[in-house]
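Below is one structure, written out as structure tokens, with a few remarks after it.
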Amino acid sequence: MDAQQTLRTEVEQLVRVHGRGRTALMPILQDLNRAHSYISEDAMLAVSDALNVPRAEVYGVATFYSYFSVKPRGVYVIRVCRTISCAKQPDYHPAIAALFDELGIGFGETSSDGIFSLEQTNCAGMCDQGPAMVVNDDAHIHLTEASVRTILNDYRHKAQAAQSAKKAQ
Ligand code: FES
């Protein structure tokens with residue numbers, strides 16, 4: 001089965017879960033975005049065909065929400081809160097500097113090993129526990145320079161273990 005057929009099969013499986021109506025568009029895009037870290041052109045096409053929703057509409061939804069990406073991203077997408085309650089914390093700037101230093105990238109970029117993408121977000125709902133960031137679906141609070149380095153190392157090891165397991169299959 002080629003990559004495009006695999007994708008269409010995946011979309012059909014999601015249609016079985018979420019239904020074929022227009023209301024299924026968002027949950028299907030969310031699942032694809034979560035599974036692949038982004039929504040590819042081929043994925044948008046497969047969703048459009050499966051739901052019988054115009055391609056322009058699928059593309060419009062996929063590009064409207066900042067949670068979605070239509071560009072390839074790392075296995076782990078880091079979203080750092082940039083809103084004032086977090087940004088005024090004394091540990092905020094040291095934590096950001098540690099992110100830049102550990103990853104070797106800035107906001108809007110993906111690390112060369114393909115493991116991390118770094119983004120900023122507005123309030124992530126943990127204002128009294130900032131500085132805060134979300135990595136995929138996991139929240140991390142009370143960030144410090146040291147905790148950022150530990151958190152990134154944990155994810156790096158997880159990604160490397162997953163890559164090794166995949167190679168061994
Ligand atoms: S201000 Fe950062 S989580 Fe609300």
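Overview of results
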{"quantity": "Given (1) hydrophobic (A, V, I, L, M, F, W, C); (2) touching a Ser or Thr at 6+ places or on another chain (Cβ under 6 Å); (3) over 30 Å from residue 145 (Cβ atoms), index of the condition residue 47 fails", "calculated": "(2)"}
{"quantity": "Filtered residue count, the range 76-109, keeping only those that are within 14 Å of the chain's Cα centre (by Cα), away from the ligand (no atom under 16 Å from the Cβ) and surrounded by 14 or more Cβ atoms within 10 Å (Cβ to Cβ)", "calculated": "3"}
{"quantity": "Meets criteria (in contact with a Phe, Trp or Tyr (Cβ under 7 Å, 6 or more places away or on another chain) and of a type in the set (A, V, I, L, M)) for residue 26", "calculated": "no"}
{"quantity": "Condition broken by residue 114, with the remaining ones in (1) under 17 Å from residue 33 (Cα atoms); (2) in a strand (DSSP E or B); (3) among the small types (Gly, Ala, Ser) satisfied", "calculated": "(2)"}
{"quantity": "Residue within the range 62-75 that is modelled with pLDDT of 95 or more and within 16 Å of the ligand (Cβ to nearest atom) present", "calculated": "no"}
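The values are calculated or read from the model by the stated rules, or taken from the named source; none is laboratory data. This is a predicted model, so every value here is computed, not measured. Cβ sites come from the backbone with ideal geometry, for glycine too, and all protein chains shown count toward neighbours.
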